[in-house]
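The values are calculated or read from the model by the stated rules, or taken from the named source; none is laboratory data. Just so we're clear, the structure is a prediction, and the values are computed from it rather than from any experiment. Please note: Cβ atoms are built from the backbone with ideal geometry, for glycine as well, and neighbour counts cover all protein chains shown. Please note that ligands, DNA and RNA were not included when accessible areas were found on the heavy atoms of the full protein model with its side chains. Shrake-Rupley method; radii C 1.70, N 1.55, O 1.52, S 1.80 Å.
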Amino acid sequence: MSRIERTLSIIKPDAVERNLDSKIKEIFVINGFTIVQEKKIQIEKSEAEKFYKVHETKPFYNELCSYLSSGPIVVMILEKENAILANRELMGSTNPKEAEEGTIRKKFGISIDKNSVHGSDSPENAKIEIDFFFKV
Ligand code: ADP
Ligand code: MG
């Protein structure tokens with residue numbers, strides 16, 4: 001079954017720093033996503049810690065939060081049929097070295113930490129993450 005969904009996408013500092021944001025946005029549009037809202041921001045480390053709280057017990061948590069707050073990011077609400085899964089597929093595996101040909105992480109990712117994009121992994125988290133960045 002298919003239905004229109006919204007998911008949260010982030011273009012991470014490594015990609016914004018290399019001026020890849022318009023190229024990545026174009027990939028989303030070509031693949032049928034509508035960019036419902038977007039903003040370029042830089043977040044505090046404390047906000048990154050909140051956003052990535054599910055990972056707080058992981059050994060890479062501290063570096064991950066430092067990294068996400070290290071420079072400008074582009075956060076977007078993407079809409080499409082089955083957007084959550086479709087975005088995960090378009091991004092590719094977490095580790096760019098294992099990502100499938102044609103995926104964003106394969107094309108642009110540098111390493112498992114600097115992997116260029118974030119995407120929500122479930123309808124529940126998509127709602128939480130969209131509210132985190134866009135709730136007024
Ligand atoms: P995804 O972003 O594909 O959903 P995870 O939710 O597992 O991946 O991890 C969140 C982010 O944490 C990843 O995108 C990546 O930037 C970072 N990360 C994941 N695993 C590692 C690792 N083993 N070492 C360093 N950073 C990692
Ligand atoms: Mg994840």
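Taking the Cα centre of segment 4-133 as origin and charging only Cβ (+1 Lys, Arg; -1 Asp, Glu), how large is the dipole, in debye to the nearest 20? Write out the running numbers ahead of the final one.
Working: 19 positive and 22 negative charges, 57 e Å.
With only Lys, Arg, Asp and Glu charged at Cβ, the dipole is about 280 debye.
Accessible area per residue was computed with a 1.4 Å probe on protein heavy atoms; Leu85 scores about 110 Å². Solvent-accessible surface (1.4 Å probe) assigned to Glu26 amounts to roughly 110 Å². Leaving ligands, DNA and RNA out of it, report the carbon-plus-sulfur percent of the accessible area of segment 4-133 at a 1.4 Å probe. Exposed carbon and sulfur together represent 50 percent of the surface.
Taking all protein chains into account, the per residue accessible area for segment 61-119 stands at 44 Å² (1.4 Å probe).
For segment 31-136, the set of chymotrypsin sites (Phe, Trp or Tyr not before Pro) satisfying both a DSSP loop assignment and a count of at most 12 other C-beta atoms within 10 Å is given as Phe60. Checking the Cα-Cα distances for Lys58/Lys106; Lys25/Lys114; Lys39/Lys80 against a 22 Å cut-off, the pairs over it are Lys58/Lys106. The Glu89 and Ser66 beta-carbon pair, evaluated with R₀ = 30 Å, returns a calculated FRET efficiency of approximately 0.55. The fraction of all Cα pairs in segment 1-127 landing in successive 5 Å bins from 0 to the largest distance is 2, 11, 21, 25, 23, 13, 4, 1, given as whole percents.
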